[in-house]
Amino acid sequence: MPTMRAYNRTALQTDNRCWERRAVGKVIAVANQKGGSGKTTTVRSLSAALAELGRRVLMVDMDPQGSLTEGCGVRPYDLQSSIYHVILGRCRMADVLLEVEPQLHLAPTNIHLAAAELQLVPATRREDKLRQALRPVRDAYDYILIDCPPSFGLLTVNCLSAADSVLIPMTCDYYTMLGVRLLLETVDDIQREVNPSLVLEGLLPTRFDTRTLHAREILEQTKVALGPRLRIFEPVIRESVRFKEAPIRAQSILTYAATSDGANAYRSLAKEIDDGQAHFGA
């Protein structure tokens, strides 16, 4: 397990001064209302790939299951403060940040975050708590990637409210494809009612099994049905046991299996997203 370090607030302030001429960091919500679609793997792998390009990246774990937090080598139940306390206004985002590896930081979580769904109900502007929490640290990062929970509730609304764009991982099976259609309807609702500037980053096919005809058919159907509306990233992320092994070692796929197809696929995704950053918001 790596040694985790709290992110130094003085360093954060210095970063803000040094980066004052840079654009505000881009916030990407990685979302799918169906579990097992590869959200956490995508946040961890894409973040590591962007950091490898020299970008400063923050990962925000908004899933109460805390898989991203555990996969980074952090014990959720040992946390004195987490994103749960930030969302409820009990501490600042800078107080919970941990350094995972150079250029890459984590805002961790644990199961306590599940209680925030109910605790936020009576709050004023409850849908904007994450957006407000990110505002003081946003200038310190090129990218902020949010691991969204696999359900639609106040936590997911907060993620989409805080985001500039939505990246949708999708396993190539029929029911996940249906889930993507529902998510797109949710995004439409958020755009109308909460965050008019939210855009679709694209769809990322994940856990793709080249051996099955079903997976290939679903991918083709998805391209036909959704291709005109949103970008479908290439290459697809193929199914690999390496993705399951890497978090056990508290590593990303780029470190654990640096030359694997999965690592290279996320490098390609990072480059494609980063190359488009100059035109973002134009």
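Observations
- Output for region 121-150, where each listed residue is within 18 Å of D188 (Cβ to Cβ) and not acidic (D, E): C148
- Test set (1) outside any loop (DSSP other than H, G, I, E, B); (2) in contact with a helix residue (DSSP H, G or I) (Cβ under 7 Å, 6 or more places away or on another chain); (3) farther than 24 Å from E52 by Cα - A94 fails condition number: (3)
- Residue satisfying all of: in region 201-217; in contact with a Cys (Cβ under 7 Å, 6 or more places away or on another chain) and at pLDDT below 80; farthest from A163 (Cα to Cα) among these: A215
- Whenever a residue of region 62-90 is more than 24 Å from S37 (Cβ to Cβ), its partners that are charged (D, E, K, R), lying with C-beta atoms within less than 7 angstrom and at least six residues away or across chains, give the pairs S81/D95; V86/R92.
- Among residues of region 45-67, those that are crowded, with 23+ Cβ neighbours inside 10 Å and touching a helix residue (DSSP H, G or I) at 6+ places or on another chain (Cβ under 6 Å), counted: 10
- Filtered residues of region 230-250 (kept if under 19 Å from G73 (Cα atoms) and touching a residue at least 40 places away in the same chain (Cβ under 8 Å)): F243, A246, P247, A250
- Of the residues E234, E185, the single one that is more than 19 Å from L50 (Cβ to Cβ), of a type outside the set (A, V, I, L, M), at pLDDT below 95 and loosely packed, with under 15 Cβ neighbours inside 10 Å is E185.
- Among the residues of region 42-64, those that are in contact with a Pro (Cβ under 8 Å, 6 or more places away or on another chain) and under 24 Å from S240 (Cβ atoms) comprise T42, R44, A51, D61, D63.
- The condition of being within 20 Å of the chain's Cα centre (by Cα) and among the aliphatic types (A, V, I, L, M) holds for only one of L269, L226, that being L269.
- Residue in region 236-243 that is out of contact with any Leu (no Cβ under 6 Å at 6 or more places or on another chain), more than 16 Å from Q33 (Cβ to Cβ) and among the polar types (S, T, N, Q) present: yes
- Residues of region 192-208 satisfying the condition of being in contact with a Ser or Thr (Cβ under 9 Å, 6 or more places away or on another chain) and either part of a loop (DSSP other than H, G, I, E, B) or of a type outside the set (F, W, Y) (or both): V194, N195, L198, V199, L200, E201, G202, L203, L204, P205, T206, R207
- A163 falls short on exactly one of the conditions (1) touching a strand residue (DSSP E or B) at 6+ places or on another chain (Cβ under 8 Å); (2) more than 20 Å from R56 (Cβ to Cβ); (3) not hydroxyl-bearing (S, T, Y), and that condition is (2).
- Of the residues making up region 243-260, those that are of a type outside the set (A, V, I, L, M), surrounded by 14 or more Cβ atoms within 10 Å (Cβ to Cβ) and over 18 Å from the mean Cα position of the chain (by Cα) number 3.
- Among residues that are modelled with pLDDT of 95 or more and more than 18 Å from the chain's Cα centre (by Cα), R21 is not included.
The values are calculated or read from the model by the stated rules, or taken from the named source; none is laboratory data. Being a predicted model, the structure only gives us computed values, none of them experimental. Cβ coordinates were reconstructed from backbone atoms using ideal geometry, including for glycine residues, and neighbour counts include every protein chain displayed.
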